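Participant: Structure in structure tokens, see below.
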Amino acid sequence: MIDRKAFRSLSSGLYLITAKAGDVRCGCVVNTLVQVASEPATLSVSLNKENATTAAILESGRFAATVLAEDTPMELIGTFGFHTSADTDKFAACASALDGAEVPYVTEHGLARFSVSVTETIDVGSHYLFVGVVEEAEVLSAGDPLTYAYYHAVKGGKTPPKAATYNNGDEAAVPGVTETAAGAPEAGKKIAWRCTICGYIEEGYPDGLPEGYMCPICGAPREMFERVEL
């Protein structure tokens, strides 16, 4: 028996993994970046085989990583976590720079960044585990790192289906948010709409989201929103 709720107790941070293949810049959000050795300083990260970022790392043998700050806006997480680099320039709306190997990394809302040369690629089923030696490491700013627990409990974020930690949509409830059927809200509550893809909450619109509405974070249509009470 596997109780998916057991996985909720695993703690991790939230990071941006970026890479470059030719002239194409790629990036995605992960919570699987881990230091696995000190001498030499070595990091590992698990990425879905279908990700454009994965293909870029396989081609180039390199990746960069940015540690996200707790105050990172959902818009940035949505861009890198719920869109594909195959048709979206994720770097267009954020500050970035190049490391010594000319791999792009995000500087906006970053606490630290790493430049990694991959030494081993391990097939782990739906994902590849990339292991590599750190060639550059730099503190970008002071602050508290964004944890996956904070992302879920405070920001109300969802886990993308391609994430290594996706557990068939089984996630902890967001405090203060209650799923509800149509009808008048409970006393003291107000109607809102939650995106079932990324977790973004749009307040108001008691009669339903307007025609043509799309999630500002992940681009999901209004049909992908569920009615909730706050």
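The values are calculated or read from the model by the stated rules, or taken from the named source; none is laboratory data. Bear in mind the structure is a predicted one, so any value in this text is a computation, not a measurement. Don't worry about glycine lacking a Cβ; one is built from the backbone with ideal geometry, like all the others, and counts go over all protein chains shown. Heads up: the accessible areas ignore ligands, DNA and RNA and are worked out on the full protein's heavy atoms, side chains in. Shrake-Rupley method; radii C 1.70, N 1.55, O 1.52, S 1.80 Å.
Participant: Note down the magnitude of the dipole of the stretch 12-155 about its Cα centre, charges +1 on Lys and Arg C-beta and -1 on Asp and Glu C-beta and zero elsewhere, to the nearest 20 debye.
Facilitator: 220 debye
Participant: Now a separate question. Can you list residues whose amide H is under 5 Å from Thr42's amide H, if they're 5+ apart or on another chain and H is modeled 1.01 Å from N?
Facilitator: It is Val36, Ala37, Val134, by chain and number.
Participant: So, by mean Cβ neighbours within 10 angstrom, what's the order for 118-130, 41-53 with the highest one leading?
Facilitator: Highest mean packing first, the order is 41-53, 118-130.
Participant: By the scheme Lys and Arg +1, Asp and Glu -1, what is the net charge of all other residues having a beta-carbon under 11 Å from that of Val103?
Facilitator: Once positives and negatives cancel, what remains is 0.
Participant: Then there's this: Top mean-square fluctuation among Gly199, Gly100, Gly157, Gaussian network model of the chain, C-alpha springs under 10 Å?
Facilitator: Sorting by GNM fluctuation, first place goes to Gly100.
Participant: Let me ask you something else. Can you give the helix-only mean residue ellipticity at 222 nm for the chain, where every DSSP H stretch with n ≥ 4 adds -39500 (n - 2.57) and the sum goes over all residues, rounded to the nearest 500 deg cm²/dmol?
Facilitator: -2500 deg cm²/dmol
Participant: Okay, moving on. Quick one: pull the percent of accessible area on the chain belonging to carbon and sulfur, 1.4 Å probe, ligands and nucleic acids left out.
Facilitator: The computed percentage sits at 53.
Participant: Also, quick follow-up: Could you work out Rg/(2.2 N^0.38 Å) for the stretch 1-107, with Rg from alpha carbons only?
Facilitator: 1.12
Participant: Give me the 1.4 Å probe accessible area per residue for the chain, excluding ligands and nucleic acids, in Å².
Facilitator: 50 Å²
Participant: How much length would be gained if the chain were fully extended between Val133 and Glu75, taking 0.36 nm per residue of separation minus their Cα-Cα distance, in nm to one decimal?
Facilitator: Value of the extension gain: 17.8 nm.
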